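The values are calculated or read from the model by the stated rules, or taken from the named source; none is laboratory data. Keep in mind that what you see is a predicted model, and the values were worked out from it rather than measured. Every residue, glycine as well, gets a Cβ built from its backbone with ideal geometry; the counts of neighbours run over all protein chains shown. Protein only, heavy atoms only, side chains kept; ligands, DNA and RNA dropped before computing areas. Shrake-Rupley method; radii C 1.70, N 1.55, O 1.52, S 1.80 Å.
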Amino acid sequence: KQWYQRRVRAELKNEFSVSSLMKHENIENDRIQEYYPFVLKGVTEMLKGSSAADPVEIYAMYNKLVVNLFTLEDGQLRTIGSALIPEISKINHSCEPNCVLSFKGRTAYITAIREIPKGTEITISYIPLPKSFLTRKEHLHRQYNFTCYCCLCSKQREEKVDHMLMRECPVCNTHSHPRIDLENDDLSCPSCGSSLLKSLKVNDLVLKNIANFDSAISTRAQQDVEIINHLVEDTENLILEKHWEPALRTGLKATVGLMDWAQLYPSTGLFIAKLGKLYLEQEYSDRTVYIDNVNRAVQMFDISLKCLSLSLSKNHELFLEVERLYRFTQEILRNQE
């Protein structure tokens, strides 16, 4: 649809400044607490003798800066710094946003990833997605000191069920979507009421599902967003260690779940493109294996482009890089015919 490619422009009636940004009281953000003493010392020395050197005012301004900074990324979605954009800071958070924020050089883009009816509020996510309800709740409270009441959170809070998780109860051995215990920030089995969050570690589940991914339990793993996130993290670590083959195996296990939960986000397109590159890194013993790997790489790059086209412009550096790899591998196949 055409709306996927439109850039959303915010019509701003007033000029924004840092002083107009929201600050969050009593925030427990580690970045604020850790670095503020150094910031206070530096700013106080710079403003020595000035009435502006008020620790309370300095803290308030520093608070505003920290909670309103955006992670600045290069063309490969790698973090290269932070950016303060007061206009975009006015856009509210949603755990099921209709837009994503991306950068091209010094320009920020707000791109629609869903159809936005006229009069609907534009939203972005302040945190990486997808995440489970309690994970999102904890992250937003710790970093931004607010409770989210977007449509997704309100639905999960009302139903008291996290449909983004699929857990096995260690007591009654049933597999189900856990109930959310808001009072204790816990998850419980809907069958027997046993605690799931405190009695079962996600890492144990990840190891279990990696070992048995070809069995029936693999379906449940793909329905658990936290397991998928752990598989993605494991894949990235294996790539850093240059263990190409296990990285590819682990990454493919995560891909099915990512396509269900996160195909609208640029990070998914980037992750799948990395799997395409891993196919090209595989050792091969004969021409048949080589051609098969190139074919699989082409498929990965094609899927990646389809994901990226939903959230990035076609002149974005990442989209152009994956498109180049897609054409390169297609050319390899044509030359082998």
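DSSP loop chymotrypsin sites (Phe, Trp or Tyr not before Pro) in segment 274-335 with at most 12 other Cβ atoms within 10 Å of their Cβ, which ones?
Listed in order of number, the matching sites are Tyr284.
Determine, from the Cβ-Cβ distance of Ala83 and Cys151 and an R0 of 35 Å, the FRET efficiency 1/(1 + (r/R0)^6), rounded to the nearest 0.05.
With R0 = 35 Å, the Cβ-Cβ based efficiency is 0.80.
If the chain between Glu159 and His93 were fully stretched, how many nm would it gain, using 0.36 nm times the residue separation less the Cα-Cα distance?
21.6 nm
What shape does segment 59-142 take by its C-alpha gyration tensor, where a ≥ b ≥ c are the square roots of the eigenvalues and a/c under 1.5 counts as rounded, a/b above b/c as prolate, and the rest as oblate?
Rounded shape, in that the Cα axes give a/c under 1.5.
Set the bar at 19 Å for Cα to Cα. Now go through Lys155/Lys306; Lys277/Lys306; Lys64/Lys90; Lys104/Lys131; Lys137/Lys253 and name every pair that lies beyond it.
Table pairs above 19 Å Cα-Cα are Lys155/Lys306; Lys104/Lys131; Lys137/Lys253.
Given a Förster distance of 41 angstrom, what is the FRET efficiency for Cys172 paired with Asn237, based on the Cβ-Cβ distance and rounded to 0.05?
Computed FRET efficiency for Cys172 and Asn237: 0.75.
How much solvent-accessible surface does Met300 expose, in Å² to the nearest 10, with a 1.4 Å probe and all protein chains in place?
Answer for Met300: close to 20 Å² accessible.
In whole Hz, with x marking every Gly and Pro, tabulate ³J(HN,Hα) for segment 90-95 from phi via Karplus 6.51 cos²θ - 1.76 cosθ + 1.60, θ = phi - 60°.
3J(HN,Hα) across segment 90-95, in whole Hz: 7, 7, 6, 7, 8, 7.
Between Ala108 and Glu57, what length in nm is gained on full extension when 0.36 nm per residue of separation is reduced by their alpha carbon distance?
Result for the pair: 15.4 nm of gain on full extension.
Efficiency by 1/(1 + (r/R0)^6): what FRET value for Ser309 and Glu331, r their Cβ-Cβ distance, R0 = 25 Å, to the nearest 0.05?
Efficiency at R0 = 25 Å is approximately 0.75.
Non-local amide H neighbours of Leu72 (under 5 Å, H modeled in plane, Pro and chain starts lacking H): which ones?
Excluding prolines and chain starts, which carry no amide H, the hits are Ile80, Gly81, Ser82, Ala83.
Given axes a ≥ b ≥ c from the Cα gyration tensor, I'd like to know whether segment 91-140 is rounded (a/c under 1.5), prolate (a/b larger than b/c) or oblate.
Because a/c hits 1.5 or more and a/b fails to exceed b/c, segment 91-140 counts as oblate.
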